[in-house]
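Enquirer: The structure follows.
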Amino acid sequence: MAEIITKDSEEFKEITGWIKRTGRALEKATARIRPGIADEHYLSGEEVCEKLHISKRTLQALRDEKAIPYTSRATNITRANAYAEFWFDRKFENLTMNNVEDFNRSAASGQSDAKLYVMLNTGVGGAYIDKEKLQTGVHNRYGEFGHMTIHPHGRKCFCGKEGCFEAYVSARRLSTEQDCTLDEFFSQLQQENPRFIKVFEEYLDDLTTGINNLYIMCDGNVVVGGPVAKYLVPYQDKIRRMLVEKYSFDTDGSYFSFAQCTAEQADTGAALMFLGDFISNI
Ligand SMILES: [Zn+2]
């Protein structure tokens, strides 16, 4: 083994190759295994005792002594989605010596690559990644963009307040509130149904108001994902034009983009968080 490991060392090449392969394996595994919440199966204490041939008392002792090795991490779906988005955006799956250098340089310089992630689902979630990290805030509430007020005393939100972003741009606005599915809404829109056109114009107005507020605050990229996002992709240019009009300074609206993967990718993101921890400890 060489005394000093550089980016040209066999050891370094081997480990970056390994990281690349692990990323691919994770992607494949999570594409194949996608349990819904209702399908998830947790072993009960009795089942664990049965499988390990131990008594309940022994199981409790093992728990108390932390003798069963496992790592756990609590996060929410939006943050896990955002992490996956960040990971794939940094092109880890195409890891080469050059972009490893770029990645390390930007991390070392403390340069900001601030990115806000907004998830448009039946609720509206958010996450903020800066300096390679998911930011959590003082009370672990960073990214609750769904509850910023965009219309004072406006529509009632599930949080109990009025006028929240979520009450205007969640998937519900374009589905249950219109008595249809998202698919039906956008197909009616394409057929130029006047009622749906009006709802959609209002939706885009509210969406761009919220995104503009986020951009004003972070001066970084804003990425929109979640189930509604894939339906909005054909309207990207229109959305950018609206954002240009709403911004107080100069922008071409290119700070706004859609998540590369608009399907749920929370499971991939949660798994990648462990890989990220491992890499940062190399
Ligand atoms: Zn709210």
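Enquirer: Contact list please: Cβ distance under 7 Å, first residue in region 3-17 and in contact (Cβ under 8 Å) with a residue 40 or more places away in the chain and surrounded by 12 or more Cβ atoms within 10 Å (Cβ to Cβ), second residue of a type in the set (A, V, I, L, M) and part of a loop (DSSP other than H, G, I, E, B), pairs at least six apart or on different chains.
Expert: That search, which allows pairs on different chains as well, returns Ile15/Ile282; Thr16/Leu95.
Enquirer: Which one is surrounded by the fewest Cβ atoms within 10 Å (Cβ to Cβ), of the residues in region 169-178 that are among the small types (Gly, Ala, Ser) and in contact with a helix residue (DSSP H, G or I) (Cβ under 7 Å, 6 or more places away or on another chain)?
Expert: Out of the qualifying residues, it is Ser175.
Enquirer: From Glu162, Glu201, Glu166, which residue is acidic (Asp, Glu), at pLDDT 95 or above, surrounded by fewer than 15 Cβ atoms within 10 Å (Cβ to Cβ) and under 24 Å from Lys238 (Cα atoms)?
Expert: Glu201
Enquirer: Please count how many residues of region 219-262 are without any contact (Cβ under 8 Å) to a residue 12 or more places away in the chain and closer than 21 Å to Arg173 by Cα.
Expert: Adding up the residues that qualify gives 1.
The values are calculated or read from the model by the stated rules, or taken from the named source; none is laboratory data. None of the values given here were measured: they were computed from a predicted structure. We place every Cβ from the backbone using ideal geometry, glycine too, and count neighbours over all the protein chains shown.
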